[in-house]
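Before any comments, here is the structure.
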Amino acid sequence: MHIPRLMCTQHPDTTVKITTAEEVDEAIVAYTAYGCDKVMVDYEGKMTPYGQPKEIVMKAIRGDVPLGDEFYITVRLPNPKLEEFDRAMLSLEAALVANYFSRRYADAQAVRWVVLPMVEDFDTVILVRRMLRRKAEIYKSETGVDVGEVEVIPLIEDAFVQVKAKVIVGEVFKSEEAREVRVFLGKSDSAVRHGHLASALAIIYAMSKLKEFEAESGIRVRPILGMGSPPFRGALNNPRLAHLEVVQYAGYYTATIQSAVRYDTSLDEYVKVRESILNACCGTRGLVGEEVLPLIQEASAKYRSQAMKHVDKIAEVARLVPSTRDRVSWKEYGRSLLDGDRVVHMPRAIVYTSAWYAMGFPPTLIDAPLLLELAKSDKLDAVFKLLPTYKMELEYDYEFFDPQTARNYLSEELVYAAVELADYLGVEARPTPTYTALLKMPRSEPNIIALSKYRKFLG
């Protein structure tokens, strides 16, 4: 069976508004124009019509797209522990209805996988798998149409859970006879909760442990990396950094192609990203040992202490960030940031990232105080060795750092640390005059869109 390599998604990280009605055509264009062999229909915190997978199936059949061969549909359902149970079940129904129509009219299985997000335990994965199988049996017995077996891909998107990826994959698939499994590692939500450094280290550690699981079990693991355009969200879709990120995060098999790289960059830039991802697929890097675990813990704690100090300003600016997909508001379905006994409701990753840029302070720089501490104790070079693209990511983000603007929103301590880190790295904070002029204007939705168009991503 063909395992897809490029998965086009419905992330709201572009400056262009895409309605749910337009997403059906978008899915076909993902294959015909962008070369994606899979599209992900997203129901997590998103108001996607439950008929959308079926509509994509019928449009693909009419357009002679090789459904179930070179082109697949994957459904990302809401986690039933985090959203309403009925939404998760209706999303599963949408996936199987799509298969009913693809089997009936094209003798093909359009949906072979569903993605379960925010996985932190085994039970929810097992529940979804069981519900899928029971529903499939009903379709076959009542309609005579075999909708096929649909596999559950666990999406692990928290640094502290990702470091346990080997255990989770072992438990989830221990009762299965599959010789090949897929697991999805997400950078964005992990970065919101734990910061850029901790989330990046957690992913390379998880990839290393999955390779170890593969060697011990004989089961082939096909990792999917979920990363966007800005460094804070992995930069695997960034035209200037993708060729470096594919080496830093070597070991993936499939990568997400999110919205910004399709709508906010030129086709030539997109092609460079696509070719970088495809050419470096399945590469290997040295194993990452347990010595990174204390650093992940420390980086997460230092990041959270800084982020907590600025939650009010983040929320204030986040309210101005436009939604470019039909999503549930982050005020209803956001992310929780934990600092000891304190729990704070935060925007989801794209809005959160955009808000930091709008304050003149790219969110990778929240780690600046810790990086200075590591530099003073001669430990920073070891970090750059583990993450060889990290310094280039910081250099990239300093192009959007303006201390004068940042001081209007953030503590002097954090801004000064970012300035001092730039001096230590020999990097100049150098926003262009155009970008600086936009930062000096009052924040508003049009202003944030203009800043985002300049960066070529919303967040």
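Leaving ligands, DNA and RNA out of it, report the carbon-plus-sulfur percent of the accessible area of the chain at a 1.4 Å probe.
Result for the chain: 52 percent of the exposed heavy-atom area is carbon or sulfur.
Exactly which trypsin sites (Lys or Arg not before Pro) in the range 1-103 are in a DSSP loop and have at most 16 other Cβ atoms within 10 Å?
Lys17, Lys81
Enter the accessible area of His345 (Å², nearest 10), with the probe set to 1.4 Å and all protein chains included.
His345 has an accessible surface of roughly 90 Å² with all protein chains in place.
Have a look at Tyr398, Ser141, Val246 and report the one farthest towards the positive end of the charge dipole of the chain, computed about the Cα centre with Cβ charges (Lys/Arg +1, Asp/Glu -1).
Ranked along the dipole, the leading option is Ser141.
Would you list, by chain and number, the aspartates and glutamates whose Cα falls below 12 Å from the Cα of Lys46, excluding same-chain residues fewer than 8 positions away?
Candidates past the 8-residue exclusion: Glu83, Asp326, Glu332.
For the range 368-382 and the range 103-140, compute the distance between their C-alpha centroids and round to whole Å.
If we compute the Cα centre of each part, the gap is 46 Å.
Amide H of Lys38 versus every other amide H placed in the peptide plane: which residues, excluding those fewer than 5 positions away on the same chain, fall under 5 Å?
Answer set, sorted by chain and number: Leu6, Cys8, Tyr72.
Is the shape of the range 362-459 best called rounded, prolate or oblate, per the rule: a/c under 1.5 gives rounded, else a/b larger than b/c gives prolate, else oblate, with a ≥ b ≥ c the square roots of the Cα gyration tensor eigenvalues?
The shape class here is prolate.
Which of the trypsin sites (Lys or Arg not before Pro) found in the range 119-209 are in a DSSP loop and have at most 11 neighbouring Cβ atoms, other than their own, within 10 Å?
Loop-located and lightly packed - Lys174, Arg179.
Once amide H atoms are placed 1.01 Å from N in the peptide plane, what residues at a sequence separation of 5 or more from Arg220, or on another chain, have their amide H within under 5 Å of its amide H?
Residues meeting the amide H criterion: Glu180, Val181.
What helices does the chain have that are whole DSSP H segments, at least 24 Å long along their own axis by Cα, and with mean Kyte-Doolittle hydropathy of 0.0 or more?
Span-like helices, by this rule, are 85-106, 196-217.
If r is the Cβ-Cβ distance from Thr19 to Lys453 and R0 is 30 Å, what FRET efficiency results, to the nearest 0.05?
0.95
Heavy-atom accessible area of Met58 with all protein chains present, probe 1.4 Å, nearest 10 Å²?
Counting only protein heavy atoms, the figure is 40 Å².
Excluding residues fewer than 8 places away in the same chain, name every one of the aspartates and glutamates whose C-alpha is closer than 13 Å to that of Lys376.
List returned: Glu420.
Any idea which of His196, Val65, Ser276 is furthest toward the positive side of the dipole for the chain, if Lys and Arg beta-carbons carry +1 and Asp and Glu beta-carbons -1?
Positive-most Cα among the choices belongs to Val65.
Just report the Cα centroid separation between the range 195-267 and the range 383-459, whole Å.
Centre-to-centre (Cα) distance: 23 Å.
Could you provide, to the nearest whole Å², the per residue accessible area of the chain with probe 1.4 Å?
Roughly 38 Å² per residue, with all protein chains present.
Whole Å is fine, so just give me how far the alpha carbon centre of the range 1-68 lies from that of the range 281-326.
For the range 1-68 versus the range 281-326, the Cα centre distance is 28 Å.
Of Lys164/Lys187; Lys187/Lys456; Lys187/Lys211; Lys313/Lys379; Lys302/Lys391, which sit over 22 Å apart, Cα to Cα?
Among Lys164/Lys187; Lys187/Lys456; Lys187/Lys211; Lys313/Lys379; Lys302/Lys391, the Cα-Cα distance tops 22 Å for Lys313/Lys379.
Name the residue farthest towards the positive end of the dipole of the range 414-459 from the options Thr434, Pro446, Leu414, assuming +1 on Cβ of Lys and Arg, -1 on Cβ of Asp and Glu, about the Cα centre.
Pro446
Please give me, ordered by residue number, the GluC sites (Glu not before Pro) of the range 31-137 that lie in loop per DSSP and have at most 13 other Cβ atoms within 10 Å.
Here the sparse-neighbourhood loop sites are Glu70, Glu84.
Straight distance only, please: which lysines reach the Cα of Lys309 with their own Cα at less than 21 Å, same-chain residues fewer than 8 apart left out?
Answer for Lys309, where 21 Å is the Cα cut-off: Lys331, listed by chain and number.
Charges only on Cβ, +1 for Lys and Arg, -1 for Asp and Glu: so what's the dipole of the chain about the Cα centre, in debye to the nearest 20?
The dipole magnitude comes to about 400 debye.
The values are calculated or read from the model by the stated rules, or taken from the named source; none is laboratory data. These numbers come from a predicted model, not from an experiment. Glycine also receives a Cβ, built like all others from the backbone with ideal geometry; neighbour counts cover every protein chain displayed. Keep in mind that these areas ignore ligands, DNA and RNA; they rest on the heavy atoms of the full protein, side chains included. Shrake-Rupley method; radii C 1.70, N 1.55, O 1.52, S 1.80 Å.
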